[in-house]
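The values are calculated or read from the model by the stated rules, or taken from the named source; none is laboratory data. What you are looking at is a predicted structure, and each value in this text was computed from that prediction instead of being measured. Cβ sites come from the backbone with ideal geometry, for glycine too, and all protein chains shown count toward neighbours. The protein model used for the area step is the full one, side chains on, heavy atoms only, and it has no ligands, DNA or RNA in it. Shrake-Rupley method; radii C 1.70, N 1.55, O 1.52, S 1.80 Å.
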Amino acid sequence: MTVTGTTPLSAVAAAADTQGPVVVTDVSAADLAGITKEVARAPGARLADMFADGTDPVMLRLVWALDSDQRYLITQTPIDTDDYPALSDIAPAAFVEECEIYEQFGVRPVGGKPLNRVAIPPPLGQGDIDLPRLGRAPAELPQDVHAPHVVGGQAFEFPFGPVRQVGVESLYYGLVTSGEEVVDLYMFTWHKHRGLEWRTQGKTPAQALFHVERAEGLGAVANGWAFASAAEAALGIEPSAPAQRCRAIALELERLYNHAAAIAALCQACGLAVGRAAAEIALEQLHRLNAAVFGHRYLFGVVDIGGAVVTPDTQALRAGLPDAYGELRRGGEALLATNSFVDRLEATGTVTEEAARRLGLVGPVARASGVAVDTRLDHCYGPYPGQLRLPAGQPGGDALARLKVMLDEVAASVSLVNALLDPVGLEQVGGSDLPGRSGPRSNTSGCEHSANTPVRTRPGRPTGRSGLGWAESSRGESLAWVELDSDGLIRRARLRPAAVRNWRGFDDACRSQNVFTDIPIIEASFWLTVAGLAR
Amino acid sequence: MTADIAIEERAAAELRREVARQFGRSLHIRTLDTGSCAACEQEIRLLAAPHYDLHRLGFFFTPAPRHADMLLVTGPMIRAFAVAASKTYEAMPEPKLVVATGACALGGVYPDDAFTYGRVDGVLPVDVWIPGCPPSPLALLQGLLVAVGRLAEKVSGLSFIARSPEGAHEDATAGGAA
Ligand code: SF4
């Protein structure tokens, strides 16, 4: 049953204390623009995702994170015609999804704005590659739209990719430049699109988990956990407390190795070989620790639907974590004391707080721009206690702020792992032990809702149950939506790793008075994956 | 851990000897992601980290396919990427080697379907396969050792005959392959 109210926000208020952490409400196509405006203006609300399913009608779903209310709000709108209100005019963060929905479901925002291709490549000499879709094909495939040439006649485009530097993922950049300055940057990612949402259809959640973990190998735990939570909500089951703790430990280990890898990449981008070597020593130690504790260097196969497959070797964890952390902490302190390195990061790739909010950015990128969002604090799930304290973030929005946020989070993750090993100590989980950081942020209101309360679905729908799941990956909020049919097979799964949100801040960061040579630094400081975006 | 180090050192010494014997100075590797999940790339990057330090073995990464002896390919070969993959391969000089890296590249993660070829040898001629999801840096080192042997076979199989403009043959080698 969906929650009703005169508006979605009043429905949320009406649902207080009686509903779980996810409120679903129906919105008609006629009301969609007005209600989107209302929710977008509400304090503490951000558009976390937008996706569609079905063909006749296409069901358009907007997922709003009401962080201050510790809830997600899902509005669902049946679209009977070929178009719907241009939501990106109201919430600019919706543009990428508008493009994606047109490509996959054939419905587009009104107004005829040019849309980009997302997953379907342009013709490569023999016409369009005919890829399977989640819904019906659009009447006309989107044009291959480039970035607007804002300095008419004075700028040119410089194509870069998809084959790039050694040991990095394939990605195509279009750089618009007047010579050295980055005037604009746009990206095409169909070279890596593997149709993962399509692949999950008709599988059981347990079967689909194999591909979900491999959508973005550097986020296997977080994306796996979000997906498993969504499936568990749909199935009406809840993992045991030890299983939740096991997932949470793996998640922090995933954060630790990702932050170490990001720091190594930052040093590499700045040509700081010693710093890179120090970070990579810690990184390799962390991968070996993962293998010793959970049996896999990248923590694949830890999460399971309904629980966790692997019991961590806590002895190995207690023995190995201090060394790896010590290495990383010493490296971080040395980096912050290296003026030439700090100078290179300062004012590089700045994302303003306004841009971070407008684009719905998450994770360390948002937290380094003064937007303190963290699902471990804002949305109840897992074993996190009411009094959990985590670093609040940094102001500044540049690559240096992002580095500081990562160093803070490394310290906090180690504290959290230690606390999870000793559940009684969870209350003591603190923020940074590095000097000069802003104080930790607490979840003082505590976790009011029971996580994984099954999401209510529309009455009378012919198909079965659905659920939303989330987890705080090293890159920020990872979301997943799962809808099962009456046989328990997946009818529609939506995977939204944090990379999907944060890449849309990358071109903003590159544009802000940067030159070509800043781009690798900015990319390292974002530490996103192309795989997570082009899933 | 001690056993690991011993294996690592043995593999490293063997690899160094082979590279030195076959190539005199060095062997250059270009990486190519054809749709990986990003974990294989991280393991490849770690080959240059102090624990493994690939450079001391005479291996170097090169961004230019024209300088590369070996193509280390990850991912299941997305169909939309096949043109870029072929161009990269064609840009490499002979003798060249393709190393399919990781379960995706070997056919263990994605099927042959509309999105992907499901394995690298759907498009490129693969010489060596390295299993693992992802293969650890140590497994990659072992794979490189096998690959060096294969490349040596390819080198010894080349005729090194160049044609003069008139069509007469002349021996262009006098035995130098390095
Ligand atoms: S082989 Fe495994 S680790 Fe490597 S790219 Fe494929 S899924 Fe990722």
Practice item. Kindly list the number of the only condition in (1) of a type in the set (Ser, Thr, Tyr); (2) assigned to a strand (DSSP E or B); (3) open to solvent by 50 Å² or more (accessible area, probe 1.4 Å) that fails for A:THR77. Key: (3)
Review point. Hey, among the residues in the stretch A:291-307 that are within 16 Å of the ligand (Cβ to nearest atom) and within 11 Å of chain B (Cβ to nearest Cβ), which one's surrounded by the fewest Cβ atoms within 10 Å (Cβ to Cβ)?
Key: A:ALA291
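Matching residues to (1) more than 14 Å from the ligand (Cβ to nearest atom); (2) under 29 Å from B:ALA13 (Cα atoms); (3) among the aromatic types (Phe, Trp, Tyr); (4) touching a residue at least 12 places away in the same chain (Cβ under 8 Å):
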site	(1), (2), (3), (4)
B:GLU41	no, yes, no, yes
B:HIS67	yes, yes, no, yes
B:ALA84	yes, no, no, no
B:TYR89	yes, no, yes, yes
B:THR116	no, no, no, yes
Review point. Restricting attention to the stretch B:31-77, which residues are within 7 Å of chain A (Cβ to nearest Cβ), open to solvent by 10 Å² or more (accessible area, probe 1.4 Å) and outside any loop (DSSP other than H, G, I, E, B)?
Key: B:ARG45, B:PHE61
Point to revise | Residue list for the stretch A:45-71, filter: under 22 Å from the mean Cα position of the chain (by Cα) and open to solvent by 40 Å² or more (accessible area, probe 1.4 Å) | key: A:SER68, A:ASP69
Exercise for review: Return only the number of the condition from (1) open to solvent by 40 Å² or more (accessible area, probe 1.4 Å); (2) within 22 Å of A:GLN268 (Cβ to Cβ); (3) not hydroxyl-bearing (Ser, Thr, Tyr) that B:VAL146 does not satisfy.
Suggested key: (2)
Point to revise | Scan of the stretch A:499-532 for residues that are at positive phi and touching a Pro at 6+ places or on another chain (Cβ under 9 Å), ordered by number | key: A:TRP527
Review point. Pick from A:GLY397, A:GLY332: which is among the small types (Gly, Ala, Ser) and farther than 27 Å from A:ASP422 by Cβ?
Key: A:GLY397
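Within the stretch B:43-63, which residues are of a type in the set (Val, Ile, Thr) and within 12 Å of the ligand (Cβ to nearest atom)? So that I can check it myself, show each step before the final result.
Restricting attention to the stretch B:43-63, the residues satisfying the condition of being of a type in the set (Val, Ile, Thr) are B:44, B:62.
Hit for the stretch B:43-63 is B:ILE44, nothing else.
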Review point. Exactly one of (1) at pLDDT below 95; (2) under 23 Å from A:VAL163 (Cα atoms) is unmet by B:SER156. Its number?
Key: (2)
Practice item. Looking only at the stretch B:95-105, decide whether some residue is in contact with an Asp or Glu (Cβ under 7 Å, 6 or more places away or on another chain), surrounded by fewer than 24 Cβ atoms within 10 Å (Cβ to Cβ) and not in a strand (DSSP E or B). Key: yes
Review point. Any residue in the stretch A:226-238 that is more than 15 Å from the ligand (Cβ to nearest atom), assigned to a strand (DSSP E or B) and touching a residue at least 12 places away in the same chain (Cβ under 8 Å)?
Key: no
